[in-house]
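Before any comments, here is the structure.
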Amino acid sequence: MTIILILFSIADIKQPQRVVHMYVCLCQGVTDGHIRDAIYEGCCSYGEVRTATGVGTQCGKCACVAKQVVRETLSDLQSAQASLAYPAAYASA
Ligand code: FES
């Protein structure tokens, strides 16, 4: 058992987990990570993300995918906050 754990640890060190980002906007070089970061830093809508990152400001072909990433990220944030709020309030009461 110990040997297996050591092998997994060595494998983790040799191949650190990589985060792969997808280019959403080729005109401006904006990835889905850039869009998510903009939302984590305070943007609350596609318009705000557009202003912050420049996504969709040139040819506009990326707007549909960019809006989808914004919607998914905002939805993930809302569900994460909802799941944290109840247990924290419940635990302190
Ligand atoms: S691909 Fe985003 S503006 Fe052209």
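We did not get these values from a lab; they are worked out from the coordinates using the rules stated. Since the model is a prediction, treat every value here as computed from it, not as a measurement. Backbone-built Cβ (ideal geometry, glycine too); neighbour counts: all protein chains shown.
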Neighbour-count order for THR73, THR51, fewest beta carbons within 10 angstrom listed first = THR51, THR73
Ascending count of other beta-carbon atoms within 10 Å, so fewest first, for ARG71, ARG50 = ARG71, ARG50
VAL24's amide H: which non-local residues (gap 5+, or another chain) put their own amide H closer than 5 Å, with H modeled 1.01 Å from N in plane and none for Pro or chain starts?
-> VAL30, THR31, ASP32
What is the gain in length, in nm to one decimal, between ASP76 and THR51 on full extension, counting 0.36 nm per residue of separation less the C-alpha to C-alpha distance?
-> 6.8 nm
If we count other beta carbons within 10 Å of each Cβ, what is the order of TYR46, TYR40, fewest first?
-> TYR40, TYR46
